Each structure stands twice: as C-alpha cells, then as structure tokens.
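The values are calculated or read from the model by the stated rules, or taken from the named source; none is laboratory data. Worth saying up front: this structure is predicted, and the values here are computed from it rather than measured. For neighbour counting, all protein chains shown are included, and Cβ atoms are generated from backbone atoms with ideal geometry for every residue, glycine included. Heavy atoms of the whole protein, side chains included, go into the accessibility calculation; ligands, DNA and RNA do not. Shrake-Rupley method; radii C 1.70, N 1.55, O 1.52, S 1.80 Å.
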Amino acid sequence: MPATRPSSDLILHRLTSSDCEIKLKAIREVKNQIIGNRTKKLSYIKLGAVPVLAAVLASADADSTPGSSLVVQSAAALGSFACGVDAGVRAILDAGAFPHLIRLLSAADDKVVDAAARSLRMIYQSKLAPKYDFYKEQDMGFLLSLLKSGNENLTGLGASIVIHSCETSDEQNILCHAGALEKFISLLDGSLSQRDSSLESIAAILKNNPEVVSKFVDLQSRRALSSIIELTKDRYSQTRLLASLCLICVKNSSSCYLQDTGIETKLINILLELLDDSGKVGDNACFAFSSLVAEKDVQKLAFEANAIDKLNSHLQNCALHPKRLEGIFLALAALCSKLECCRSKFLSLQVLNMLVDALTYDDANVRTAACICLKNVSRSIKNSSAGYFTNERIITTLVRLLSDRSTSVQVAALGAISNLVIDFTPQKSKFIQCGGIKELVHLTKSMDSSLRLNAVWALRNMVFLADKMCKEKVFLELTVSSVASLICDPEPSVQEQALALVRNLVDGCIDCVEYAFAEDGIILDAVGRQLQKSSKIEIGIQGMYLLSNIACGNESHKEAVMQLLFSEAENGSHSFFSQFLLSNDSRLRPSALWVIVNLTFPSSPGAFGRIVKLRSVGIVSQIKKMVNDPCMDVKLRARQALGQIITYGDN
C-alpha cells in the first residue's frame with residue numbers, strides 16, 4: 001500500500017523539532033504542499049506555520065551548511081505563502097519575517113540571497129507589502145545597489161519595489177534623478193524576466209509625469225525610446241503589452257514625442273490583438289487600451305479600427321473572468337466618452353442589455369465599470385431623448401446601487417444617474433417613482449466627501465430645467481438647513497455643486513426664486529458668506545449665476561441681491577463683487593456681469609435706484625472699462641449692461 005501523507009498537524013509539530021534534518025524535511029513538505037494550492041496555504045496559515053518559518057529565518061545560521069539549507073527552504077516556503085494570497089503576506093509581516101528576509105540579501109551564500117530575493121518579490125506583488133521610502137538616502141542607496149547587482153533575482157526585486165512603491169510625481173522624480181531609468185534601460189538587453197520587469201518599472205516612473213517623460217525621451221539621443229518601440233514587435237505577448245504601456249505613458253504626457261511614427265494606430269492594433277490572449281495579458285490589454293484612447297483623436301482611430309466591434313465580440317464570451325469583464329467595460333467607456341459615433345455604434349450592437357446585466361454582477365469592480373460605461377454612453381443627447389435609457393430596469397438598478405456596499409460602485413452609479421436625469425422628463429419621473437430622490441439626499445449627508453459631491457451633483461442635474469413639482473420634491477426632501485450646510489461644506493468642490501444646485505432650483509418662476517428666501521433666508525446668507533471668503537474661481541462663478549437667477553425675480557428679490565453685494569460691510573471697489581469683475585478668469589467676469597444685467601433691466605421699477613447705487617460704489621466705472629474686453633462674452637455682456645444703465649443717463 002502507498003505511504004500515507006502526514007497530517008498538517010504532524011508536519012507542523014515537526015517544524016519545531018530540534019533535529020535539523022527533521023525540521024528541513026518538514027519545511028520541504030509544507031512548501032511542496034502549498035505551491036499552487038490556495039486552500040492548503042490558508043489551512044497552514046490558520047495552523048500557524050508562518051510564524052514558525054519566520055522563527056527559522058531568525059535563528060538559523062545562514063553561513064553554516066545545515067543552517068543555509070533551512071534558511072533557503074524557509075524563505076522559499078514563505079514566498080509560496082505570499083504568492084497570490086494577501087492573507088499569506090499579512091501573516092509574514094505580522095510574524096516579523098520581512099526584516100529577516102531583507103537581512104539575508106547580504107548573506108555570503110548566493111543560494112540564500114536568491115531565496116530571500118525571490119520571497120521578497122512575491123511579497124511585493126501584494127498591495128499589503130510595505131511602502132518603500134525613496135526619500136531616505138539609505139533606502140535609496142540600497143535600492144540602487146539592487147539594480148546595479150549582477151544577480152538577476154536582486155535586480156528583479158529592485159524592479160518589484162519600484163513597481164509597488166513608486167506612486168507620486170516626487171517619487172518618480174527622485175528615481176529619475178538617481179539614474180534608475182538608465183539602469184532599467186540597460187536591463188532591457190537582459191533575460192526575458194529582466195526585460196519585462198524593467199519595462200513595467202519604466203512605465204511606473206513615467207506615468208503622468210511630463211518632466212520625467214521629457215528626460216526619458218532624450219536619453220541616449222532617443223535610442224531608449226526607439227528600443228521600446230522595437231519591443232512592441234517582440235515575440236512574447238507580455239513584452240509587447242509592457243512596451244505598449246511605456247509608449248502610452250509617453251503619448252499621454254505629450255503627443256509630440258510620437259507624432260512622426262504613427263504609433264497610435266500601431267498601439268491600437270497591438271492591444272486589440274492582445275485581447276485574444278486568454279490570460280493576464282489579455283486582461284491587462286483592456287486596461288491599457290482604455291488609457292490609450294482617452295483623447296478624441298485616438299478614439300476616432302480606434303473607431304476606424306473597429307475596436308467597438310472587437311470588444312463586443314469578446315464580451316459575448318459568457319465565461320469571461322471578472323477582471324476581463326471589468327476591463328472591456330472600461331475600454332468601451334473610454335471609447336464612448338467623447339464621440340457620438342462610438343456611442344451610436346455601441347447601442348447599435350445591442351450591448352446595452354449586457355451592460356445592464358453587469359450592473360448586478362457579483363464583483364464590485366465589474367459593477368463600477370458598468371456604471372462608468374453607462375455614464376459615458378448616456379452622454380448622448382440624441383440617444384437619451386430617443387428613449388434608450390428610459391428602461392425602468394436601468395433606473396431601478398441604479399437606485400439600488402446607491403446603497404451598494406462598495407463606495408466606488410456608489411460613486412459610479414451617481415455619475416450615471418447624473419447623466420440620465422438631466423433635462424429628460426421621462427427619466428426624472430421614473431427616478432422619482434423609484435425613490436431615487438430620498439437615496440440621493442441620504443448620500444448628501446455621507447461622511448465620504450466623494451459621495452456627498454456626486455450626490456449633490458446628481459440633484460443639481462435632477463432640478464435642471466425641471467418642472468415645479470420636481471423641484472418641490474427635491475427641496476422638501478433636502479430641507480433648507482441641509483442646503484445651507486452643503487453650501488458651507490468643508491470641501492470646496494461640494495460647495496461649488498451645492499451653489500449650482502440652488503442656481504438650478506431658483507431658475508424659473510417667481511415661486512422657484514422663493515426657495516432662496518425660505519426660513520428667513522438662511523440659504524442666501526450662506527451664499528453670501530461663501531462668496532466673501534472663497535478663493536476658488538468655480539465657487540464664484542456658480543454663486544454669480546445663482547444671484548443672477550434671483551435677480552430675475554421681483555423687486556424684493558433684486559433688492560436682496562443688492563444688499564448681499566453692497567452691504568455696509570462691503571467697501572465698494574474692494575468688495576468681492578468688484579474683484580470678480582476684475583478677475584483674470586474669463587468665465588467669472590461674464591457671470592458677474594449677468595447679475596448687473598438682471599438688476600438693471602429697464603422695465604424694473606427700482607432699476608434707477610439700483611443704478612444710482614452701482615454708480616456710487618464704482619461698479620458702473622468698472623463696466624465702462626470692460627466694453628472692449630478681449631473676451632467676446634464679457635464684451636457683449638458689458639455693453640448690454642451699460643446700454644441699460646445709460647437709459648437713465650450717463651452721469
């Protein structure tokens with residue numbers, strides 16, 4: 001009969017044996033059992049194997065023959081625990097094994113160094129791995145020593161550290177100035193593993209950093225760039241993908257670096273071809289494609305390359321991995337973000353039903369991607385007004401997603417809702433019937449600023465050109481005090497959208513203007529406070545259009561605006577309104593002038609008195625200087641306002 005495999009408990013007991021041979025054999029058995037077996041890994045982690053292995057690293061003498069074998073096998077086992085299992089990485093870090101692995105990189109025995117380096121590379125594949133501090137001179141020196149090493153495992157570890165930890169522009173700049181780019185470029189001539197890890201590191205250092213991209217392009221008289229372009233033709237799909245990612249980083253920084261090579265079309269075709277890979281390369285190609293087609297000119301090239309048809313073809317595969325599904329929807333979202341022809345093509349292929357199905361997918365990332373895709377496809381006024389998105393299933397599903405357990409799903413659903421409810425009565429009616437307003441108002445009270453921001457934005461669009469009944473429902477659900485609080489929110493972006501919400505609420509009939517004066521005018525008071533102290537241009541713009549809409553009301557409404565702008569506390573030429581008229585921002589100046597236009601409309605009984613006030617505080621003099629403004633919108637608005645003012649005389 002075949003020998004029975006020892007139980008996990010027995011092996012664990014042998015791991016703590018004082019006999020080196022017994023312990024070594026037990027470590028090998030653990031390592032062999034857990035390789036590629038997630039269930040076994042989790043079982044041994046639960047039994048406490050990782051702290052025992054960490055203790056071996058800490059106590060064994062790596063310079064002796066038996067100790068070296070124990071260390072090599074323990075490090076290899078820990079690397080297996082870390083591979084693809086965050087629980088394993090967490091257990092390794094909690095057991096204190098990480099610093100011992102770092103220490104072993106300096107061992108005299110190359111086998112020990114290699115085992116420690118491989119284990120650390122596995123750890124650095126996880127988001128749980130410690131963030132490397134590039135700002136510390138000692139740490140930076142250690143990283144560069146790894147990259148300059150002739151040991152492939154050590155250079156690979158250095159690359160893994162960069163890929164994991166290089167996130168900010170400052171960190172990218174530090175690595176660039178330290179010569180990391182030059183080292184990674186030199187490693188492109190190494191083994192396949194070195195080449196791919198170097199390409200991924202280069203992409204991490206270049207991403208969204210025009211300064212570093214500029215220095216990279218000039219390296220070796222542009223030969224470095226040429227080398228990467230050449231690698232897009234490599235026989236290995238992973239290499240082609242990573243080389244493409246580097247070029248996308250260069251292109252997204254400035255298209256001028258690649259404009260003579262026709263590289264955009266080549267990259268589109270490479271990535272569409274890589275979608276046929278059924279593994280990770282195909283998954284990641286989708287994400288790379290969505291990054292490539294961010295701009296309208298590249299979207300047009302992708303459209304001409306039948307990208308939507310090809311993505312749709314892959315979408316028909318019912319056995320898609322969640323990551324692939326997420327990537328395809330993000331790629332379609334990017335393609336449909338700006339071009340009407342792409343949105344129309346998407347809808348003509350009957351993909352919408354699959355998209356709606358994906359809104360309820362088990363994986364939160366897929367739900368998020370589906371919401372983003374729906375948001376971009378629904379940007380089409382033509383298709384929205386044609387009723388493509390009036391399907392009750394779409395609206396009810398999105399409303400349910402507002403209480404999703406994932407914040408990213410909630411934010412993405414809010415983005416889709418914002419597009420669906422703007423200016424289209426059927427969608428607004430269905431949204432109200434599904435209890436959507438109550439859900440939005442609830443999210444305006446969230447502690448998460450991204451949820452507050454997007455919830456207020458959706459409500460802003462909900463009341464845009466809405467009828468009085470819709471506005472009344474939103475206003476009553478929000479309450480006056482909540483609106484005032486949102487205007488004074490700690491986040492400037494929320495303040496801006498809250499002002500835009502009130503701007504849309506008070507747009508229209510006299511009754512709508514009254515919303516700003518409810519409960520002793522606490523909303524209007526909040527508006528005044530924010531305009532006086534805010535330094536964000538967009539807040540000023542929304543505030544001015546809000547006041548402009550109020551100034552379209554009756555005489556008491558107009559006088560309230562005058563009081564807010566020119567109270568005794570406001571000193572004429574030094575008032576915030578005067579400063580708005582003098583602003584360098586060509587959006588703020590016309591918004592302020594609209595307020596004057598509506599305050600001085602000739603048929604208004606109190607227009608003359610308001611003009612006298614405007615003269616006395618120096619506003620009319622300012623407007624006279626604006627009639628030849630370089631901005632056409634400012635010039636037209638200034639002349640309109642001045643024309644109304646001089647109706648009552650020019651002195």
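Go through the stretch 456-505 residue by residue and tally those that are in contact (Cβ under 8 Å) with a residue 12 or more places away in the chain and at positive phi.
Of the residues in that region, 1 qualify.
Does Val597 count as in a helix (DSSP H, G or I), closer than 19 Å to Glu496 by Cα and of a type in the set (Val, Ile, Thr)? Steps first, please.
Details: in a helix (DSSP H, G or I): yes; closer than 19 Å to Glu496 by Cα: no; of a type in the set (Val, Ile, Thr): yes.
So Val597 fails the test.
In the stretch 223-241, what residues are out of contact with any Ser or Thr (no Cβ under 9 Å at 6 or more places or on another chain), assigned to a helix (DSSP H, G or I) and open to solvent by 10 Å² or more (accessible area, probe 1.4 Å)?
The answer is Arg223, Ser226, Ser227, Glu230, Ser237, Gln238.
Are any of the residues in the stretch 517-524 within 28 Å of the chain's Cα centre (by Cα), of a type outside the set (Gly, Ala, Ser) and surrounded by fewer than 23 Cβ atoms within 10 Å (Cβ to Cβ)? Break it down into steps so the answer makes sense when it comes.
Let us first name the residues in the stretch 517-524 that are within 28 Å of the chain's Cα centre (by Cα), namely none.
Within the stretch 517-524, none of the residues are within 28 Å of the chain's Cα centre (by Cα), of a type outside the set (Gly, Ala, Ser) and surrounded by fewer than 23 Cβ atoms within 10 Å (Cβ to Cβ).
Hey, can you tell me all the residues within the stretch 20-45 that are over 12 Å from Ser74 (Cα atoms) and among the acidic types (Asp, Glu)?
Correct list: Glu21 only.
Identify the residue in the stretch 12-48 that is part of a loop (DSSP other than H, G, I, E, B) and open to solvent by less than 40 Å² (accessible area, probe 1.4 Å) and, among all such residues, is nearest to Gly67 (Cα to Cα). Break it down stepwise before answering.
From the stretch 12-48, those part of a loop (DSSP other than H, G, I, E, B) are 16-19, 35-37, 48; that's our starting set.
Imposing the further condition that a residue be open to solvent by less than 40 Å² (accessible area, probe 1.4 Å) reduces the set to 17, 48.
Values: Ser17: 14, Gly48: 22 Å.
Going through the qualifying residues, I end up with Ser17.
Between a first residue in the stretch 508-519 that is over 13 Å from Asn554 (Cβ atoms) and a second residue that is in a helix (DSSP H, G or I) and of a type in the set (A, V, I, L, M), which pairs have beta carbons less than 8 Å apart while being 6 or more apart in sequence or on different chains?
Here the result reads Tyr515/Val502; Tyr515/Leu505; Tyr515/Ile523; Ala518/Val480; Glu519/Val480, each pair linking the stretch 508-519 to a residue that is in a helix (DSSP H, G or I) and of a type in the set (A, V, I, L, M).
Of everything in the stretch 327-357, what is open to solvent by less than 30 Å² (accessible area, probe 1.4 Å) and out of contact with any Cys (no Cβ under 8 Å at 6 or more places or on another chain)? Give them in sequence order. Lay out the reasoning, then the answer.
Taking the stretch 327-357 as the starting set, the residues that turn out to be open to solvent by less than 30 Å² (accessible area, probe 1.4 Å) are 327-329, 331-337, 339, 342-343, 346-347, 351-352, 355-356.
Those that are open to solvent by less than 30 Å² (accessible area, probe 1.4 Å) and out of contact with any Cys (no Cβ under 8 Å at 6 or more places or on another chain): Ala334, Ser337, Leu339, Leu347, Val351, Leu352, Val356.
Could you give every pair whose Cβ atoms fall below 7 Å, whose first residue belongs to the stretch 116-138 and is closer than 23 Å to Val71 by Cβ and without any contact (Cβ under 8 Å) to a residue 40 or more places away in the chain, and whose second residue is charged (D, E, K, R) and part of a loop (DSSP other than H, G, I, E, B), counting only separations of at least 6 or pairs across chains?
Filtered contacts from the stretch 116-138: no entries.
Do you know which residues across the stretch 436-463 are open to solvent by less than 70 Å² (accessible area, probe 1.4 Å) and outside any helix (DSSP H, G or I)?
Within the stretch 436-463, the first condition is being open to solvent by less than 70 Å² (accessible area, probe 1.4 Å), and the residues that meet it are 436-437, 439-441, 443-444, 446, 448-456, 458-463.
Across the stretch 436-463, the qualifying residues are Thr444, Ser446, Asp448, Val463.
Has the stretch 1-11 got at least one residue that is closer than 23 Å to Met122 by Cα and in a helix (DSSP H, G or I)? Working first, answer last.
Keep residues of the stretch 1-11 that are closer than 23 Å to Met122 by Cα, which gives none.
No: the stretch 1-11 contains no residue that is closer than 23 Å to Met122 by Cα and in a helix (DSSP H, G or I).
How many residues are among the aliphatic types (A, V, I, L, M) and open to solvent by 60 Å² or more (accessible area, probe 1.4 Å) when one looks only at the stretch 464-503?
At the first step, the residues of the stretch 464-503 found to be among the aliphatic types (A, V, I, L, M) are 465-466, 469, 474, 476, 478, 480, 483-484, 486-487, 494, 498-502.
Filter again for open to solvent by 60 Å² or more (accessible area, probe 1.4 Å), leaving 465, 469, 476.
Qualifying residue count for the region: 3.
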